[in-house]
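**Q** Pasting a structure below so you can have a look.
The values are calculated or read from the model by the stated rules, or taken from the named source; none is laboratory data. Nothing here was measured: the structure is a model prediction, and the numbers come from that model. Glycine gets a Cβ as well: all are built from the backbone with ideal geometry, and neighbour counts include every protein chain shown. The accessibility values were calculated without ligands, DNA or RNA, using every heavy atom of the protein model including side chains. Shrake-Rupley method; radii C 1.70, N 1.55, O 1.52, S 1.80 Å.
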Amino acid sequence: MVVIRMESGFWARLFARCCCSNSSDGISLLMLNCRSSIVFARVMVLASAGALPAVAQRVYTTQDYAQAERWMSYNVNPLVHHTVRGVEYLADGRVFYRDPGVGGTAYMIAGQTAGTKAWSVAPAFDNAKLAAALNAAIETASKADSSAKPDAKAPTKVEAAKLGVTAYKEEANGGFAVTTAEGVFHCDAAVTLCTEEPKPPSEEKTAEKAGGKKAAIVRRHAGGANLSPDKKLAAFIRDNNLWVRTVATGEERQLTTDGVEDFGYATDNAGWQHSDGAIVTWSADGKKIATFQQDQRKTGLMYLVPVTNRHPKLEAWRYPLVGDKDVTMIEPVVIDVATAKVVRLKTEPLEHRSMECDDVSCDGDGRWNDVEFSPDDARLAFVATSRDHKDEWVRMADAATGDVRDVYHEHVDTYYGWQAKTDWKVLWDSNEFLWVSERSNWAQAYLYDLTTGELKNQVTRGDGPVWEMKHVDEKSRVLYFTATNKVKGEDPYYVNYFRVDLDGKHQRRLTPEVATHEVTASEDGKTFVDVYSTVDTPQTAVVRDDAGKVLATLAKQDVSQLVAAGWKAPERVELKAHDGKTAVYGILFKPTNFDATKKYPVVDYVYPGPQDGSCSVFGPPGFEASRGDLQAMADLGFAVVCIDGMGNPHRSKSFHDAHASSPAEMNDDTIPDQVAGIKELAARYAWMDADRVGITGHSGGGNATVSAMFHFPDFFKVGWAESGNHDQREYEDDWDERWAGLEVMGPDNADNYAAQANADYAKNLKGHLMLAHGTMDDNVPPNNTLLVVEALIKTNKDFDMLMIPNVHHGYAAATPYVMKRKWDYFVKYLAGGTPAMDFVPKSYEEIVKAYYAAQ
């Protein structure tokens, strides 16, 4: 028997991340226009859920829920002041940054005082004067626009306290340029006059003017431009070909002519990424472009159908799956921008892969990550990655002829990389390259000859993986890099900054405080901005020299209003993994009105990675006023914990490989470590109730939640699983095949990926399980959840389902609603209470407004 109960609403939990990532209460601009109502399907069959220990029932009030919501980021971030943002080095080595305080945001510059070596900090400009000048410039532009468009909206006035400046650049005439949401403005030194830089025609307008054809396959995202280093040219895609536009005039030129549907240039529209933004790497002088022609003519299609009141419009795009015979490939090319000459590199088609991430562009800036031009544009170094990420090849191409030669090859039995944000760097002046390898069990940098590919020496040493090669001083032969786990006796997840000679000598730490450090290095490496903090210690932002000496203090976070509101810092905890010996780390959240005489049920927030962890998805263990809704759930009467288990990154190679080198091992999902950690905490703290444990997560965390409920049904009593990739065979190839390897079919037609499919263990469910998914999820398609639903029905299990119409991997306007329903679920089934059904959280629009106000 199946009974379906319909409810409606339009609140939702704010979220957006990439492949198999987990939710947070951050902002996703891609999701702002999603419309949603909620269909809540309660699927009831004859089997009953496992009983929980009897507890006194608490009737929750709207005030209880409001108290919990107080600790969401949109409520607490405005109570934290002087959080340094937008750090940017100017051409002369000074530092520009934003410093939001009680009275508004100050825009500051730190640098050497004239005629001395001492550093000082001063305002970049007078806020009131700039507000007046910007308003005058905007009004002038608005009058010109209204004459052409009588129905144009009146511009919003700029306030001195909230100028909204996101970028600052000094100009040769003594003035400066600022970037705001309204555009780019050039201002005089006296800040009396600003003029708006002309806006180039939009892509939609220019495409319409040029008679652009509609793609046969629906693309959800509009094409985006990719700016040249001097920002004078913008590369973009039209009709499967690459074009450039002169930003100042809007003049356009076509660079390629033979691009066709599914075999176009510079595209990034395979799998969970299906935008038409141009993916290119510009040469430093902007004269050449490295990109590719992407072949997905044989790649299989993914289909989604929106919920509508009339005939729906099918959304279809190329989405390669694990085990597909034909997947998306790319053919690299070099293009001369002035002549539009296209040189195709003489190499076999490359896998649509990156050594650094599960896409060809990793940083959200449209840059093709695995290629680098020589300073004279004559050569192009690039890395080719095998389909299973076990092999990497460094290659060198002649940009004029397309000739390619192999320089270096590395094979790894499991998978290459991900521990380091930057895995390689070419040193053109000395004809060498730096290469990060985990051959010693730690991600270390090695120096190689660029001609022969021969190893010269190991550069970085000691335990702990290199995270990012921030700067190389080729003249002084010094590498500056960040790393975790390199300082004995400290939290292994703390990020520190180091310098080391390229011959491997004189490695030393430049960030002495016992904390995690966020570093922005100057272009010459002589100074760096260091923002350091811990889970319970607010941020301090300083400028240091290349020996680590503090030159200036930029700001110190002021959390007095936050503390006065009743906020309590969470606890960083060290635990033992399920093997009883390996140290794992987590964060424990208690109610702000904590009472040690009470017994608190436990909610485990899980994200299995392998590219991140349950706690590390929120970043290194530094100061955050809010981590998702973890403190909010704690204030509803729970002990909430996240634990980074074995199989998560930022530790050794063996630690990372522990549960992420085969499909069967991926099925582990760090759950044995979650169980062991919670049991250890319950033994340590009598107020934690290990007989009432729930679990929740989004994306990979949704998968892990269901895995926990199916594999440990006597331990986890309640699960809330959002948008889970429950069967890796139903997910994109370049994520799964990196971690688990290629699909192998056995003689009985069984495949090695079968062991990880959650649906095959549905018969084990005993507790209460909610499955939530967006119906237009183009990252983890909803079929992933429906396979589990089908198995639960076949095995006669009782479960709950929340399908959210017309939202993607993040829930956009439905975010607050989903968050509230999750709270209800744990309150009812784990705490044994009665939810506050009439509580309404802040709307999505209010959350978005609060987010931007805090910037």
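**Q** Of these, Ser614, Ser707, which one is polar (S, T, N, Q), open to solvent by less than 10 Å² (accessible area, probe 1.4 Å) and not in a helix (DSSP H, G or I)?
**A** Numbers: Ser707 fails: not in a helix (DSSP H, G or I).
Only one candidate qualifies: Ser614.
**Q** Looking at this structure, is Thr597 in contact with a Gly (Cβ under 7 Å, 6 or more places away or on another chain), of a type in the set (S, T, N, Q) and in contact (Cβ under 8 Å) with a residue 24 or more places away in the chain? So that I can check it myself, show each step before the final result.
**A** Numbers: in contact with a Gly (Cβ under 7 Å, 6 or more places away or on another chain): no; of a type in the set (S, T, N, Q): yes; in contact (Cβ under 8 Å) with a residue 24 or more places away in the chain: yes.
For Thr597, the condition - in contact with a Gly (Cβ under 7 Å, 6 or more places away or on another chain), of a type in the set (S, T, N, Q) and in contact (Cβ under 8 Å) with a residue 24 or more places away in the chain - is not met.
**Q** From the list Ala850, Ala813, Ala831, which residue is open to solvent by 10 Å² or more (accessible area, probe 1.4 Å), among the hydrophobic types (A, V, I, L, M, F, W, C) and at pLDDT below 95? Before you say what the answer is, go through the steps one by one.
**A** Working: Ala813 fails: at pLDDT below 95; Ala831 fails: at pLDDT below 95.
Going through Ala850, Ala813, Ala831 in turn, just one is open to solvent by 10 Å² or more (accessible area, probe 1.4 Å), among the hydrophobic types (A, V, I, L, M, F, W, C) and at pLDDT below 95: Ala850.
**Q** Restricting the search to the range 694-729, which residues are polar (S, T, N, Q) and at pLDDT 95 or above? Can you show your working first?
**A** Kept after step one, since they are polar (S, T, N, Q), are these residues of the range 694-729: 696, 699, 703, 705, 707, 723, 725, 728.
Passing the criteria: Thr696, Ser699, Asn703, Thr705, Ser707, Ser723, Asn725.
**Q** From Gly609, Gly628, Gly586, Gly619, grab the single residue that is without any contact (Cβ under 8 Å) to a residue 24 or more places away in the chain and either within 23 Å of Gly702 (Cα to Cα) or of a type outside the set (Asp, Glu) (or both). So that I can check it myself, show each step before the final result.
**A** Working: Gly609 fails: without any contact (Cβ under 8 Å) to a residue 24 or more places away in the chain; Gly628 fails: without any contact (Cβ under 8 Å) to a residue 24 or more places away in the chain; Gly586 fails: without any contact (Cβ under 8 Å) to a residue 24 or more places away in the chain.
Going through Gly609, Gly628, Gly586, Gly619 in turn, just one is without any contact (Cβ under 8 Å) to a residue 24 or more places away in the chain and either within 23 Å of Gly702 (Cα to Cα) or of a type outside the set (Asp, Glu) (or both): Gly619.
**Q** While we're looking at this one, here's another question. Of Leu792, Leu786, Leu771, which residue is of a type outside the set (D, E, K, R), in a strand (DSSP E or B) and more than 24 Å from Asn269 (Cα to Cα)? Lay out the reasoning, then the answer.
**A** Details: Leu792 fails: in a strand (DSSP E or B); Leu786 fails: in a strand (DSSP E or B).
Leu771 is the lone residue from the list that is of a type outside the set (D, E, K, R), in a strand (DSSP E or B) and more than 24 Å from Asn269 (Cα to Cα).
**Q** What residue, among those in the range 341-380 that are of a type in the set (A, V, I, L, M) and open to solvent by less than 30 Å² (accessible area, probe 1.4 Å), is farthest from the chain's Cα centre (by Cα)? Let's see the steps before the verdict.
**A** To start, the set of residues in the range 341-380 that are of a type in the set (A, V, I, L, M) comprises 342-343, 345, 350, 355, 360, 371, 378, 380.
If we keep only those that are open to solvent by less than 30 Å² (accessible area, probe 1.4 Å) as well, we get 343, 345, 350, 355, 360, 371, 380.
Details: Val343: 34, Leu345: 32, Leu350: 25, Met355: 17, Val360: 15, Val371: 22, Leu380: 28 Å.
Checked the range 341-380; the qualifying residue farthest from the chain's Cα centre (by Cα) is Val343.
**Q** Given the residues Ala682, Ala660, Ala676, Ala664, which is the only one that is open to solvent by 10 Å² or more (accessible area, probe 1.4 Å) and at pLDDT below 95?
**A** Working: Ala682 fails: at pLDDT below 95; Ala660 fails: open to solvent by 10 Å² or more (accessible area, probe 1.4 Å); Ala676 fails: at pLDDT below 95.
Unique residue meeting the criteria: Ala664.
**Q** Something else now. Residues of the range 155-186 being within 18 Å of Ala91 (Cα to Cα) and assigned to a strand (DSSP E or B), which ones? Break it down stepwise before answering.
**A** First, the residues of the range 155-186 that are within 18 Å of Ala91 (Cα to Cα): 166-179, 186.
Ala167, Tyr168, Lys169, Glu170, Phe176, Ala177, Val178, Thr179, His186 - these are the residues of the range 155-186 that are within 18 Å of Ala91 (Cα to Cα) and assigned to a strand (DSSP E or B).
**Q** Is it true that some residue in the range 200-211 is on the phi < 0 side of the Ramachandran plot and at pLDDT 90 or above?
**A** In the first step, residues of the range 200-211 are kept if they are on the phi < 0 side of the Ramachandran plot; the result is 200-210.
Of the ones still in play, those that are also at pLDDT 90 or above are none.
No, that holds for no residue.
**Q** Any idea which of Thr460, Thr537 is open to solvent by 10 Å² or more (accessible area, probe 1.4 Å) and modelled with pLDDT of 95 or more? Spell out how you get there, then give the answer.
**A** Values: Thr460 fails: open to solvent by 10 Å² or more (accessible area, probe 1.4 Å).
After ruling out the rest, the residue left standing is Thr537.
**Q** Would you pick out the residues in the range 419-439 that are among the hydrophobic types (A, V, I, L, M, F, W, C) and open to solvent by 10 Å² or more (accessible area, probe 1.4 Å)? Walk me through how you get there before you give the answer.
**A** To start, the set of residues in the range 419-439 that are among the hydrophobic types (A, V, I, L, M, F, W, C) comprises 420, 424, 426-428, 433-436.
Within the range 419-439, Trp424, Trp428 qualify.
**Q** Go through the range 643-657 and report how many residues are assigned to a loop (DSSP other than H, G, I, E, B) and either open to solvent by 10 Å² or more (accessible area, probe 1.4 Å) or polar (S, T, N, Q) (or both).
**A** Start the filter on the range 643-657 by keeping residues that are assigned to a loop (DSSP other than H, G, I, E, B), which leaves 645, 647, 649-652.
After this cut, where a residue has to be either open to solvent by 10 Å² or more (accessible area, probe 1.4 Å) or polar (S, T, N, Q) (or both) as well, the list is 650-652.
Qualifying residue count, the range 643-657: 3.
**Q** Another question, then. Go through (1) open to solvent by 10 Å² or more (accessible area, probe 1.4 Å); (2) more than 25 Å from Ile109 (Cα to Cα) one by one and return the number of the condition Leu502 breaks.
**A** Every condition holds for Leu502 apart from (1).
**Q** Can you work out which of the residues in the range 252-302 that are among the β-branched types (Val, Ile, Thr) and either more than 15 Å from Val343 (Cα to Cα) or modelled with pLDDT under 95 (or both) is surrounded by the fewest Cβ atoms within 10 Å (Cβ to Cβ)?
**A** Looking only at the range 252-302, we keep the residues that are among the β-branched types (Val, Ile, Thr), and these are 256-257, 260, 267, 279-281, 289, 291, 299.
Right, trim to either more than 15 Å from Val343 (Cα to Cα) or modelled with pLDDT under 95 (or both) and you get 260, 267, 279, 299.
Numbers: Val260: 11, Thr267: 30, Ile279: 29, Thr299: 23.
Checking each candidate, the answer is Val260.
**Q** Another question about this same structure. Residue under question is Thr249, and the condition is that it be among the β-branched types (Val, Ile, Thr) and either open to solvent by 10 Å² or more (accessible area, probe 1.4 Å) or part of a strand (DSSP E or B) (or both); does it hold? Talk me through it step by step, then tell me what you get.
**A** Details: among the β-branched types (Val, Ile, Thr): yes; either open to solvent by 10 Å² or more (accessible area, probe 1.4 Å) or part of a strand (DSSP E or B) (or both): yes.
It is true that Thr249 is among the β-branched types (Val, Ile, Thr) and either open to solvent by 10 Å² or more (accessible area, probe 1.4 Å) or part of a strand (DSSP E or B) (or both).
**Q** Out of the range 710-749, which residues are among the aromatic types (Phe, Trp, Tyr) and either open to solvent by 10 Å² or more (accessible area, probe 1.4 Å) or closer than 19 Å to Asn783 by Cβ (or both)? Lay out the reasoning, then the answer.
**A** The first filter runs over the range 710-749 and keeps only residues among the aromatic types (Phe, Trp, Tyr), leaving 710, 712, 715-716, 720, 731, 735, 739.
Result: Phe710, Phe712, Phe715, Tyr731, Trp735.
**Q** Let me ask another. Can you tell me which residue within the range 513-525, out of those that are loosely packed, with under 15 Cβ neighbours inside 10 Å and not aliphatic (A, V, I, L, M), is farthest from Lys421 (Cα to Cα)?
**A** Looking at residues that are loosely packed, with under 15 Cβ neighbours inside 10 Å and not aliphatic (A, V, I, L, M), I get Asp524.
**Q** Of the numbered conditions (1) in contact with a helix residue (DSSP H, G or I) (Cβ under 9 Å, 6 or more places away or on another chain); (2) farther than 23 Å from Cys615 by Cα, Phe498 fails exactly one; give the number of that condition.
**A** Tallying (1) in contact with a helix residue (DSSP H, G or I) (Cβ under 9 Å, 6 or more places away or on another chain); (2) farther than 23 Å from Cys615 by Cα, Phe498 fails exactly one: (1).
**Q** Which of the residues belonging to the range 585-611 are under 19 Å from Phe839 (Cβ atoms) and either open to solvent by less than 10 Å² (accessible area, probe 1.4 Å) or modelled with pLDDT under 95 (or both)?
**A** To start, the set of residues in the range 585-611 that are under 19 Å from Phe839 (Cβ atoms) comprises 591-593, 603.
The answer is Pro591, Val603.
**Q** Here is a further query. Please verify whether Ala445 is over 30 Å from Val744 (Cβ atoms) and surrounded by 22 or more Cβ atoms within 10 Å (Cβ to Cβ), treating the condition exactly as stated. Can you show your working first?
**A** Working: over 30 Å from Val744 (Cβ atoms): yes; surrounded by 22 or more Cβ atoms within 10 Å (Cβ to Cβ): yes.
For Ala445, the condition - over 30 Å from Val744 (Cβ atoms) and surrounded by 22 or more Cβ atoms within 10 Å (Cβ to Cβ) - is met.
**Q** Here's something else I'd like to know. List, please: which pairs have Cβ atoms under 6 Å, are six or more places apart or on different chains, and start with a residue in the range 62-79 that is at pLDDT 95 or above and end with one that is open to solvent by less than 50 Å² (accessible area, probe 1.4 Å) and of a type in the set (D, E, K, R)?
**A** Listed pairs, sorted by first residue: Gln67/Asp635; Ala68/Asp635; Met72/Asp25; Ser73/Asp25.
**Q** Looking at Gly702, Gly619, Gly628 in this structure, which one is open to solvent by 10 Å² or more (accessible area, probe 1.4 Å) and under 21 Å from the mean Cα position of the chain (by Cα)? I'd like the intermediate steps shown before the answer.
**A** Numbers: Gly702 fails: open to solvent by 10 Å² or more (accessible area, probe 1.4 Å); Gly628 fails: open to solvent by 10 Å² or more (accessible area, probe 1.4 Å).
After ruling out the rest, the residue left standing is Gly619.
**Q** What tally of residues in the range 540-581 results from selecting those that are in contact with a strand residue (DSSP E or B) (Cβ under 6 Å, 6 or more places away or on another chain) and in a loop (DSSP other than H, G, I, E, B)?
**A** Matching residues across the range 540-581 total 4.
**Q** I'd like to know if the range 333-351 contains one or more residues that are over 23 Å from Phe382 (Cα atoms), in contact with a strand residue (DSSP E or B) (Cβ under 8 Å, 6 or more places away or on another chain) and either in contact (Cβ under 8 Å) with a residue 40 or more places away in the chain or assigned to a loop (DSSP other than H, G, I, E, B) (or both).
**A** no
**Q** Of the residues in the range 58-105, how many are of a type in the set (Val, Ile, Thr) and either surrounded by fewer than 19 Cβ atoms within 10 Å (Cβ to Cβ) or touching a His at 6+ places or on another chain (Cβ under 8 Å) (or both)? Show your work before the answer.
**A** Residues of the range 58-105 that are of a type in the set (Val, Ile, Thr), as a first pass: 59, 61-62, 76, 80, 83-84, 87, 95, 102, 105.
Filter again for either surrounded by fewer than 19 Cβ atoms within 10 Å (Cβ to Cβ) or touching a His at 6+ places or on another chain (Cβ under 8 Å) (or both), leaving 59, 61-62, 102.
Matching residues across the range 58-105 total 4.
**Q** Here are some residues: Val334, Val305. Which one is closer than 30 Å to Asn806 by Cβ, of a type outside the set (Phe, Trp, Tyr) and modelled with pLDDT of 95 or more?
**A** Val305
**Q** Let me ask you something else. Give me the residue from the range 69-111 that is aliphatic (A, V, I, L, M) and part of a loop (DSSP other than H, G, I, E, B) and, out of that set, nearest to Thr540 (Cα to Cα). Walk me through it before giving the result.
**A** Our first condition is that a residue be aliphatic (A, V, I, L, M); within the range 69-111, this holds for 72, 76, 79-80, 84, 87, 90-91, 95, 102, 106, 108-110.
Now narrow it down to the ones that are part of a loop (DSSP other than H, G, I, E, B): 72, 80, 84, 90-91, 102.
On the way: Met72: 23, Val80: 13, Val84: 9, Leu90: 21, Ala91: 24, Val102: 17 Å.
Taking the candidates together, the pick is Val84.
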